[in-house]
1. If I filter region 129-148 down to residues being surrounded by 13 or more Cβ atoms within 10 Å (Cβ to Cβ) and of a type in the set (A, V, I, L, M, F, W, C), which single residue comes out as nearest to W180 (Cα to Cα)?
2. Determine which member of the set I192, I196, I155 is under 21 Å from I80 (Cα atoms) and of a type in the set (V, I, T).
3. Can you name the residue in region 77-112 that is charged (D, E, K, R) and part of a helix (DSSP H, G or I) and is also nearest to S184 (Cα to Cα) among such residues?
4. List every residue pair whose Cβ atoms sit under 6 Å apart, with the two residues 6 or more apart in sequence or on different chains, where the first one lies in region 71-82 and is in contact (Cβ under 8 Å) with a residue 12 or more places away in the chain and buried (at least 24 other Cβ atoms within 10 Å of the Cβ) and the second, anywhere, is of a type in the set (S, T, N, Q) and in a helix (DSSP H, G or I).
5. Enumerate the pairs (first residue in region 167-195 and among the β-branched types (V, I, T); second residue anywhere and modelled with pLDDT of 95 or more and surrounded by fewer than 18 Cβ atoms within 10 Å (Cβ to Cβ)) with beta-carbon separation below 6 Å, excluding pairs fewer than 6 apart on the same chain, so at least 6 apart or on different chains.
6. Being assigned to a helix (DSSP H, G or I) and surrounded by fewer than 21 Cβ atoms within 10 Å (Cβ to Cβ) is the filter here, so list the residues in region 50-70 that pass it.
7. Tell me, yes or no, whether region 118-127 has at least one residue that is surrounded by fewer than 13 Cβ atoms within 10 Å (Cβ to Cβ) and modelled with pLDDT of 95 or more.
Amino acid sequence: MYSFVLIFILTSLFFVSGMAHAQNKSEGTIRIDKIPTSVEEFIQMRDKIATTPAGGAATMIVALLIYAEKPELGLPCLTIAIDRNQLSTGSGGYKGFVPSAGDLRTIKDQLARAPYLPKSYFAGTSNQNGYALPQKLEMHFSSNAYSGNAADGAIKVFVPSSGADSPRPINMQVNNRGLWKASSWSSLLVGIRKPIVENDDDF
């Protein structure tokens with residue numbers, strides 16, 4: 001009797017684990033050659049990688065990283081990475097458009113509190129070293145059974161953060177030129193574990 005119960009429990013756990021695994025699907029690893037230092041370089045990177053939902057999501061994360069360090073360059077990069085329906089007219093962005101006032105305020109406020117946030121989405125970073133970027137710049141993306149289908153032009157992808165316990169979702173939308181852009185990304189701005197800074201005790 002006890003053997004039967006044990007076998008039943010183990011079989012059930014295996015089945016549930018298998019179902020959970022089956023619901024997760026890799027959307028690929030995106031590699032970044034280098035962080036762009038101009039709008040032109042950002043567009044070149046975008047054109048190269050944003051032909052897939054994962055590449056478009058990576059484009060948005062790189063734009064957030066640039067904005068955290070250089071807002072004047074990051075603003076046009078964000079504008080390029082965000083779905084057109086989420087933009088407003090304005091100056092300082094790209095081709096007369098900028099992120100909506102509410103979105104830009106949230107991005108500005110959250111990155112002012114935690115400028116290291118975007119770096120946490122790169123594989124190999126850690127709060128133990130202040131989220132320093134590694135030499136190999138990579139991000140891993142996945143989807144699940146509820147993500148939608150890229151064939152329909154919209155899908156939700158997930159990216160792990162080295163400062164959080166669960167992946168963060170990003171909603172992606174394809175435009176008329178076949179480039180994937182972020183339509184919802186608020187979870188990317190949720191707080192993560194603070195970086196550990198070692199005191200330099202030289203006295």
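1. Filtering region 129-148 for residues that are surrounded by 13 or more Cβ atoms within 10 Å (Cβ to Cβ) and of a type in the set (A, V, I, L, M, F, W, C), the one nearest to W180 (Cα to Cα) comes out as F141.
2. Answer to the selection: I155.
3. It comes out as D103.
4. Between residues of region 71-82 that are in contact (Cβ under 8 Å) with a residue 12 or more places away in the chain and buried (at least 24 other Cβ atoms within 10 Å of the Cβ) and residues that are of a type in the set (S, T, N, Q) and in a helix (DSSP H, G or I), the close pairs are A81/T59.
5. V174/G153; I192/A164
6. The answer is A68, E69.
7. Here is the first cut: in region 118-127, the residues surrounded by fewer than 13 Cβ atoms within 10 Å (Cβ to Cβ) are none.
No, region 118-127 has no match at all.
For (1) under 22 Å from A50 (Cβ atoms); (2) among the charged types (D, E, K, R), each residue gets a yes or a no:
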{"position": "K108", "(1), (2)": "no, yes"}
{"position": "A112", "(1), (2)": "no, no"}
{"position": "Y116", "(1), (2)": "no, no"}
{"position": "S143", "(1), (2)": "yes, no"}
{"position": "K156", "(1), (2)": "yes, yes"}
{"position": "S184", "(1), (2)": "yes, no"}
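The values are calculated or read from the model by the stated rules, or taken from the named source; none is laboratory data. This one's a predicted model, so the numbers in the text were calculated from it and none came from an experiment. No Cβ is skipped: glycine too gets one built from the backbone with ideal geometry, and neighbour counts run over all protein chains shown.
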